[in-house]
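Student: I'd like to ask some things about the structure below.
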Amino acid sequence: MIAIGSDHGGFELKAKIIEFLKEKNVEVKDYGCYNTDSIDYPDVAKDVCQAVVKNECERGILVCGTGIGISIAANKVRGIRAALCHSSFDAKMCRMHNDANVLCLGGRTTGPEIALEIVNSYLSASFEGGRHAKRVEKIMSLED
Ligand code: RB5
């Protein structure tokens with residue numbers, strides 16, 4: 001199950017991602033927003049990230065206008081490694097090297113075709129472990 005959420009700046013792209021995931025038979029839980037009314041992205045980041053850290057959802061996808069605010073907010077949640085991606089390469093590497101458990105996108109900065117390629121790469125790639133495991137552990141120890 002993938003947890004997904006956006007603010008108004010990411011609403012349209014979120015809808016496209018949900019459609020894409022459903023076509024691929026990937027289960028998705030939508031944490032809002034549900035229209036283009038202005039909302040505060042940290043609220044949605046919190047809900048999606050909590051679903052991930054509680055293991056209710058394997059991974060999260062968050063979208064705001066630029067992806068910046070929502071990724072900053074997500075990375076404040078203990079246990080979250082959120083990566084703002086602008087390319088399929090970013091998405092692949094954030095899984096392989098950083099074990100990112102939340103993907104962030106900018107609805108106003110990344111076109112829908114590239115965004116869906118990014119989502120596909122993110123969901124297809126796996127953490128490599130090995131030397132990267134130690135580094136990810138060091139990232140997580142910064143929470144202490
Ligand atoms: C909302 O206008 C906008 O600030 C938000 O979507 C995001 O881009 C923040 O980083």
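Read-outs: derived from the displayed coordinates by stated rules, not from any lab. For clarity, every value in this text was computed on a predicted model and none was experimentally measured. Positions of Cβ are backbone-derived with ideal geometry, glycine not excepted, and every protein chain shown enters the neighbour counts.
Student: How much length would be gained if the chain were fully extended between M1 and E117, taking 0.36 nm per residue of separation minus their Cα-Cα distance, in nm to one decimal?
Tutor: 39.9 nm
Student: Further question: Using +1 at the C-beta of Lys and Arg and -1 at the C-beta of Asp and Glu, which of V52, S124, M93 has the Cα lying farthest in the positive direction of the dipole of the chain?
Tutor: M93
Student: Here's something else I'd like to know. Rounded to the nearest 20 debye, what is the charge dipole size of the chain about its Cα centre when +1 sits on each Lys and Arg Cβ and -1 on each Asp and Glu Cβ?
Tutor: 500 debye
Student: Neighbouring Cβ atoms within 10 Å as the yardstick, rank I80, I72 fewest first.
Tutor: Ascending Cβ contact count within 10 Å gives the list I72, I80.
Student: Related question: Once phi is turned into ³J(HN,Hα) by the Karplus curve 6.51 cos²θ - 1.76 cosθ + 1.60 with θ = phi - 60°, what whole-Hz value does each residue of the range 2-15 show in order, with x for glycine and proline?
Tutor: So the J values, rounded to whole Hz, are 9, 8, 10, x, 8, 9, 4, x, x, 4, 5, 5, 4, 4.
Student: In terms of Cα to Cα distance under 20 Å, which lysines are near enough to K46, apart from those fewer than 8 places away along the same chain?
Tutor: The reachable lysines, counting only those whose Cα sits under 20 Å from K46, are K14, K29, K54, K76.
Student: Check the straight Cα-Cα distances from K24 and name the aspartates and glutamates below 14 Å, setting aside those fewer than 8 residues away within the same chain.
Tutor: E117
Student: Something else about it: Treating the angle as unsigned and between 0 and 90°, give the value, to the nearest 10°, between the Cα long axis of helix 131-141 and the longest Cα principal axis of the chain.
Tutor: Taking the Cα atoms of the chain, the angle to 131-141 is about 70 degrees.
Student: If the only charges are +1 at each Lys and Arg Cβ and -1 at each Asp and Glu Cβ, what is the size of the charge dipole of the range 81-130 around the Cα centre, to the nearest 20 debye?
Tutor: It comes to approximately 120 debye.
Student: Could you please rank S87, S141, S121, S71, placing first whichever residue has the fewest other Cβ atoms within 10 Å of its Cβ?
Tutor: S141, S87, S121, S71
Student: Same structure again: Full extension from E12 to D43: what is 0.36 nm times the residue separation minus their Cα-Cα distance, to one decimal in nm?
Tutor: 9.4 nm
Student: To continue, here is another question. What is the percent of Cα-Cα separations in the range 100-144 that go past 15 Å?
Tutor: 58 percent
Student: Shifting gears a bit: From Cα pairs below 8 angstrom and at least 6 apart in sequence, can you work out the relative contact order of the range 4-75, rounded to a whole percent?
Tutor: Normalised by residue count, the contact order of the range 4-75 is 43 percent.
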